[in-house]
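J.: Handing you a structure now.
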Amino acid sequence: MMEGFEMSKKEFDLYDIVEMKKQHPCGTNRWRIIRMGMDIRIKCEGCEHSVMLPRKEFTRKMKKVLVKHEE
Ligand SMILES: [Zn+2]
């Protein structure tokens, strides 16, 4: 089902690399999740700039998970 598929695309975890709806001004659209909690901190893979977003906002702005972190 499409709905289920959309949901699974939004599953993310610590150290996953995600794509956001808007790319970073540096031109990169790959972000690593470096902190999970009430707030989520992501770091740009291009310039190492990091931003903290409330979980709700992050979920809204995140497009998809590009690379799942393997244990
Ligand atoms: Zn950047």
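Please treat every number below as a calculation from the coordinates, not as lab data. Quick caveat, the model's predicted, so the values are computed rather than measured. Note: ideal-geometry Cβ built from the backbone for every residue, glycine included; neighbour counts use all protein chains shown.
J.: Might you report the magnitude of the Cβ-based charge dipole of the range 2-67 about its Cα centre, with Lys and Arg at +1 and Asp and Glu at -1, to the nearest 20 debye? Walk me through the numbers on the way to the answer.
T.: Details: 15 positive and 10 negative charges, 43 e Å.
Using Cβ point charges on Lys, Arg, Asp and Glu, the range 2-67 gives about 200 debye.
J.: Relative contact order for the chain using alpha-carbon pairs under 8 Å, separation at least 6, rounded to a whole percent?
T.: Details: 128 pairs, mean separation 25.6, N = 71.
Dividing the mean separation by the residue count of the chain yields 36 percent.
J.: Just from its helices, what would the mean residue ellipticity at 222 nm be for the chain, if runs of 4 or more DSSP H residues each count -39500 (n - 2.57) and the sum is divided by every residue, rounded to the nearest 500 deg cm²/dmol? Don't jump to the answer; show the numbers that get you there.
T.: Working: 2 runs with 15 residues, N = 71.
Theoretical 222 nm ellipticity from helices: -5500 deg cm²/dmol.
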